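Everything below concerns the one structure shown next.
The values are calculated or read from the model by the stated rules, or taken from the named source; none is laboratory data. Because the structure is predicted, anything quoted here is derived from the model rather than measured. Counting neighbours? That spans all protein chains shown, and the Cβs are built from the backbone with ideal geometry, glycine included. Please note that ligands, DNA and RNA were not included when accessible areas were found on the heavy atoms of the full protein model with its side chains. Shrake-Rupley method; radii C 1.70, N 1.55, O 1.52, S 1.80 Å.
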Amino acid sequence: MDKRVGFIGLGIMGKPMALNLLKAGFEVTVYNRTAAKARQMVSQGAKKANSPREVAEETAIIITMVSDTPDVESVILGENGVIEGIKPDSVVIDMSTISPEATRRIAVRLKEKGAHLLDAPVSGGEQGAIAGTLSIMVGGDVEIFERCQPIFQALGKNIIHVGSNGMGQTVKLMNQILVAGTLNAVAEALIFAQKSGVNLEKAIDAVKGGAASSWQLVNLAPRIIKRDFQPGFMIDLMQKDLNLVMRTADEMKVALPVTSLIHQMYYSLQCAGEGKSGTQALVKALERLSGVQVGG
């Protein structure tokens, strides 16, 4: 396949993903709204573009990894966007987490230009982006998915085609329901254990080998105990995803009572200035309810 790849969005996730493509031998052209981040990538071997349009003019596969639905719509469909420079049979791989409905609209617009869209959101956080072990859930034409396998393999380990355009985003929202609910359970369990007086480290070791184990327990519970709330994934970004979950659930008339409550607890943390903290800071909202602080 063509080794020229464009990459738009060099944030916490995007930068290490672009670096992994360089390590895998791809020729990467990058664009970022904050130009300094793009210049940093040039020192690693990337080529800098001045607009998303220029990225599309120079590459046949364009990856977008930006914050929210309006950002994706802007870089793909906006002025000097990808759609203004895209060539027939090119592929846009959107690895952001955005609205499934918006994804389908973008796919239609690109198809009018003879191009293709894969929605391919990821799970695994900054650690997975750095290690190249992301889980990638992909919606779109299966033949285009197969064409792009070398790119996905440079970025992740669990790569699953889940259906047509929009289905990748739908599965990612399912993922966020599971992540939020599991992290809430971890936080509640730690508060329960703290109040009981049990040794928290030994308690985690005792349960993580059994049915209660989870990524959140293994990776985030030790950080909570140490009062380490630096982000691997920020509350602001989780709230963006949960907003999408609740909006989509409302459109489908699906009740999500626990997820709705967690969404409100994260909102309370945003109001308290915790939006840039890691998602594990959810424990702070629960601690206030019981008057108990975990670890420290």
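In table form, for the structure just shown:
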| item | result |
| --- | --- |
| Residue in segment 142-158 that is open to solvent by 10 Å² or more (accessible area, probe 1.4 Å), of a type in the set (D, E, K, R), at pLDDT 95 or above and under 19 Å from the mean Cα position of the chain (by Cα) present | yes |
| Test: residue in segment 103-119 that is acidic (Asp, Glu), touching a residue at least 24 places away in the same chain (Cβ under 8 Å) and surrounded by fewer than 22 Cβ atoms within 10 Å (Cβ to Cβ) | no |
| Verdict on THR59 being of a type in the set (Val, Ile, Thr) and touching an Asp or Glu at 6+ places or on another chain (Cβ under 6 Å) | no |
| Test: residue in segment 211-231 that is under 26 Å from VAL66 (Cβ atoms) and among the acidic types (Asp, Glu) | no |
| Residue check for PRO88: more than 25 Å from PHE233 (Cβ to Cβ) and open to solvent by 30 Å² or more (accessible area, probe 1.4 Å) | yes |
| Residue within segment 124-131 that is touching a strand residue (DSSP E or B) at 6+ places or on another chain (Cβ under 7 Å), open to solvent by 10 Å² or more (accessible area, probe 1.4 Å) and closer than 30 Å to PRO257 by Cβ present | yes |
| Any pair with Cβ under 6 angstrom, 6 or more apart, that starts in segment 237-263 at a residue that is modelled with pLDDT of 95 or more and ends at one that is in a helix (DSSP H, G or I) and among the hydroxyl-bearing types (Ser, Thr, Tyr) | MET238/THR279; GLN239/TYR266 |
| Criterion: touching a His at 6+ places or on another chain (Cβ under 6 Å) and closer than 23 Å to MET238 by Cα - qualifying residue of VAL179, VAL138, VAL122, VAL162 | VAL138 |
| Filter result for the condition that a residue is in a loop (DSSP other than H, G, I, E, B), out of contact with any Asp or Glu (no Cβ under 6 Å at 6 or more places or on another chain) and in contact (Cβ under 8 Å) with a residue 12 or more places away in the chain, over LYS37, LYS15, LYS87 | LYS87 |
| Single residue of ILE136, ILE83, ILE93 found to be at pLDDT 95 or above, open to solvent by 10 Å² or more (accessible area, probe 1.4 Å) and of a type in the set (Val, Ile, Thr) | ILE83 |
| When residues of segment 25-39 are limited to those that are of a type outside the set (A, V, I, L, M, F, W, C) and in contact with a Lys or Arg (Cβ under 8 Å, 6 or more places away or on another chain), the one nearest to VAL72 (Cα to Cα) | TYR31 |
| Hey, SER67 assigned to a loop (DSSP other than H, G, I, E, B), of a type in the set (Ser, Thr, Tyr) and modelled with pLDDT under 95 or not | yes |
